[in-house]
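Reading through the structure tokens given below for one structure.
Derivation of every value follows stated rules applied to the coordinates shown; laboratory data play no part. It should be emphasised that the depicted structure is a prediction, and the values quoted were computed from it without experimental measurement. Here Cβ is always computed from backbone atoms with ideal geometry, including for glycine, and neighbour counts include all displayed protein chains.
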Amino acid sequence: MAFGYDVVPGISSVSALAARHRTGLNRVARPVQITTGRRLTDEGFPAGVDDVVVMLDARQAFQRYADHTDVEIYWGAYIGTPDEILVSGPLPEAAPRIERLRAEARARKGWIMDTYLLRRRTDG
């Protein structure tokens, strides 16, 4: 039996997330940090970093910042597959939608693989 398949491996899914949202991972001359949901929860935004990619986040650590009007999110689940789901926007507006879509997708498929970019707006 032969069949075709595509692979969107680990860190490449971060690049795919940015591409699907038509944005860069960082801003000019600014760092980006890739971390886990647990570290974001425990440590917050890293010092000097305003663009944080979060992977392996079973507990939706972005909710910690859901009332921060200066944070935007670029979220994606099943990136690069026919079931891809994308949401972006100011975190206070996007967080409830992401929470709902994530729960629905997980219930439907039995699992979820998602990642997101949190971008803190800065002056300048």
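Without any contact (Cβ under 8 Å) to a residue 40 or more places away in the chain, in contact with a Lys or Arg (Cβ under 6 Å, 6 or more places away or on another chain) and either loosely packed, with under 12 Cβ neighbours inside 10 Å or of a type outside the set (Phe, Trp, Tyr) (or both) - does that describe any residue in segment 98-106?
From segment 98-106, those without any contact (Cβ under 8 Å) to a residue 40 or more places away in the chain are 98-101, 103-106; that's our starting set.
Add one more test, that the residue is in contact with a Lys or Arg (Cβ under 6 Å, 6 or more places away or on another chain), and what stays is none.
For segment 98-106, residues without any contact (Cβ under 8 Å) to a residue 40 or more places away in the chain, in contact with a Lys or Arg (Cβ under 6 Å, 6 or more places away or on another chain) and either loosely packed, with under 12 Cβ neighbours inside 10 Å or of a type outside the set (Phe, Trp, Tyr) (or both): absent.
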Of everything in segment 35-63 that's charged (D, E, K, R) and surrounded by 14 or more Cβ atoms within 10 Å (Cβ to Cβ), which residue is farthest from residue 113 (Cα to Cα)?
50
Qualifying positions in segment 66-86 - crowded, with 19+ Cβ neighbours inside 10 Å and either touching a Phe, Trp or Tyr at 6+ places or on another chain (Cβ under 8 Å) or polar (S, T, N, Q) (or both)
71, 73, 74, 75, 76
